[in-house]
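The structure appears below as structure tokens.
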Amino acid sequence: MADDYRKMWEELGMDLDAHDGLLEILPPLFGDVFLSQEGRPARMSYFDYVFSEVHGLRIQELVNHKKNGGIVVGTYCTYAPEELIMAAGGISVGLCAGAEVAPQEAMKFLPANLCPLIKSSLGFKLARVCPYIESCDLLIGETTCDGKKKFYEILGDMQPVHVMELPQKKGEGDRALWRSEVRALVTRLEELSGKKIDEASLSEAIKIANKKRLALSRLAELRKADPPVISGRDALLINQIAFNDDPRRFTGKVNELCDELEKRIAQGKTIGGPARPRIMVSGCPMALPNWKLAQVIETSGAAIVMEEMCTGIRYFRNQVDESPTDLEGMLDAVADRYLKIDCAVFTPNAERIENILGLVRDYEVDAVVYHALQACDPYTIEAYKVQKALDEAGMPMLYVETDYGDDSGQIATRVQALLEMVR
Ligand code: BJ8
């Protein structure tokens, strides 16, 4: 890949030497985590290819889109309404980072005891190794956790940033605020793109995003099969790619994979051998290329059947209501869909507890592994309520607080102890 795209990366202002270093690490890691699995569905080859070209072909598509007058908009959170970006003729790309890059540089701006996702997202920008952020005309942030809010202020000195004020409660006043924030984003995107968001463009964008979420929901449904027909690692990879791939193409490929999985279920063709403990991972997102916990759990003899996180069901649960036909009604429908997301930044967040209990039941989960990124206040604190609800339901939960460092050995010991208990 590298030789073909060097000129493009250079023109994007990237640090080619530092980027080369990153490209050396990723393929062997990908080989260990994904390609080493036996009996993977054949249709995973598309997602392997997308990953292999994640800094190549997809970036070329973004560059071409910009040359043709389109815009590229970066997002850091599942509250960013991608329908609006598409309706403005834009491509949305997820920018959260899942690997430690330039930590010393990032710490000149941020405290050491901050969540690794934020530190490394800034690290990728400072080290100039992310072609996605370098392609962006605008970055969208939301007032979620304090770390992200303050991070957007710093980022705003480097690139244009639009911050949406996300309420922290879900009353009528909060809904009104969020609906007005959605409209403010429309104005900003229209100014940037020079394109009006109207009924036709928004209706088409809503349909595209709904189809993508439906395809991911279909995939999630198929993971109810026991024993599973797809590994949790592969499902995680697909959920990570969902933020950056072309939405129409991605939807088609997820549906093709689902067709194959349906056949595998009918043929009794499973993955990973006979029945293994079924695990749900819950908590903070695992941004690309953070596969550590999934890898530890599945190589310890368990199967992950659900991710209760933003790189999982929090991203694709709930559709935008397609019945409104006027622009105002459509914008309200978009706002209302996003306000249903049950992130731990909300208070109270009983919805998330109910959703977790529902998933544990529906996916016949044997244990929950709680993924808390170090220094993430919303998810580390909300773990208490989740633990309490799971205790009452008689469901074991292992709390894992981790960052992007290599603590796989210690985590594996604790995961194995959990599996002994539930086997
Ligand atoms: S909707 S989970 S993507 S805020 S892990 S940066 S919360 S300190 S990523 Fe998130 Fe949106 Fe919520 Fe999802 Fe802060 Fe926690 Fe870090 Fe986090």
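Which residues, counting only those in the range 86-115, are within 16 Å of the ligand (Cβ to nearest atom) and open to solvent by less than 10 Å² (accessible area, probe 1.4 Å)? Those that are within 16 Å of the ligand (Cβ to nearest atom) and open to solvent by less than 10 Å² (accessible area, probe 1.4 Å): 93, 97, 98, 106.
Among residues of the range 307-334 that are among the aromatic types (Phe, Trp, Tyr), those with a Cβ under 7 angstrom from a residue that is in a loop (DSSP other than H, G, I, E, B), sequence gap 6+ or separate chain, pair up as 315/78; 315/242. Selection of the range 246-270 for residues being open to solvent by less than 60 Å² (accessible area, probe 1.4 Å), within 30 Å of residue 148 (Cβ to Cβ) and part of a helix (DSSP H, G or I) yields 247, 250, 251, 254. Restrict the check to the range 395-402 and report whether at least one residue is in a loop (DSSP other than H, G, I, E, B), within 15 Å of the ligand (Cβ to nearest atom), more than 30 Å from residue 200 (Cα to Cα) and of a type in the set (Asp, Glu). Within the range 395-402 (the criterion being in a loop (DSSP other than H, G, I, E, B), within 15 Å of the ligand (Cβ to nearest atom), more than 30 Å from residue 200 (Cα to Cα) and of a type in the set (Asp, Glu)), the answer is no, since none of the residues qualifies. Determine whether the range 84-97 contains at least one residue that is farther than 27 Å from residue 319 by Cβ and at pLDDT 95 or above. The answer is yes; a qualifying residue exists.
Inspect all residues belonging to the range 203-211 and state whether any of them is in contact (Cβ under 8 Å) with a residue 12 or more places away in the chain and part of a loop (DSSP other than H, G, I, E, B). No: the range 203-211 contains no residue that is in contact (Cβ under 8 Å) with a residue 12 or more places away in the chain and part of a loop (DSSP other than H, G, I, E, B). For residue 178, the conditions (1) in contact (Cβ under 8 Å) with a residue 24 or more places away in the chain; (2) within 13 Å of the ligand (Cβ to nearest atom); (3) part of a helix (DSSP H, G or I) are fulfilled apart from (2).
Can you find a residue that is in contact with a Ser or Thr (Cβ under 9 Å, 6 or more places away or on another chain), within 26 Å of residue 68 (Cβ to Cβ) and in contact (Cβ under 8 Å) with a residue 24 or more places away in the chain anywhere in the range 156-165? No, the range 156-165 contains no residue that is in contact with a Ser or Thr (Cβ under 9 Å, 6 or more places away or on another chain), within 26 Å of residue 68 (Cβ to Cβ) and in contact (Cβ under 8 Å) with a residue 24 or more places away in the chain. In the range 271-381, counting only helices (runs of 4 or more DSSP H) that sit wholly within it, the ones holding 1 or more residues that are open to solvent by 10 Å² or more (accessible area, probe 1.4 Å) and either on the phi > 0 side of the Ramachandran plot or more than 16 Å from the ligand (Cβ to nearest atom) (or both) span 292-299, 327-339, 350-362.
Against the test of being modelled with pLDDT under 95 and either of a type outside the set (S, T, N, Q) or crowded, with 17+ Cβ neighbours inside 10 Å (or both), the options 74, 70, 39 yield a single qualifying residue, 39.
Yes or no: residue 141 more than 22 Å from residue 12 (Cβ to Cβ) and not charged (D, E, K, R)? No, not satisfied.
Total residues in the range 122-152 satisfying the condition of being away from the ligand (no atom under 11 Å from the Cβ), part of a helix (DSSP H, G or I) and open to solvent by 30 Å² or more (accessible area, probe 1.4 Å): the figure is 2. Identify all residues within the range 269-295 that are of a type in the set (Ser, Thr, Tyr) and modelled with pLDDT under 95; write none if there are none. Passing the criteria: only 270. Residue count for the range 1-52 satisfying the condition of being within 15 Å of residue 288 (Cβ to Cβ) and not hydroxyl-bearing (Ser, Thr, Tyr): 13.
If the condition is being open to solvent by 10 Å² or more (accessible area, probe 1.4 Å) and charged (D, E, K, R), then the range 224-244 contributes 224, 226, 233.
The values are calculated or read from the model by the stated rules, or taken from the named source; none is laboratory data. Keep in mind it's a predicted model, so treat the numbers as computed, not measured. All Cβ positions, even for glycine, are placed from backbone atoms using ideal geometry, and neighbour counts span all protein chains on display. Areas reflect the complete protein model, heavy atoms only, side chains present, ligands, DNA and RNA absent. Shrake-Rupley method; radii C 1.70, N 1.55, O 1.52, S 1.80 Å.
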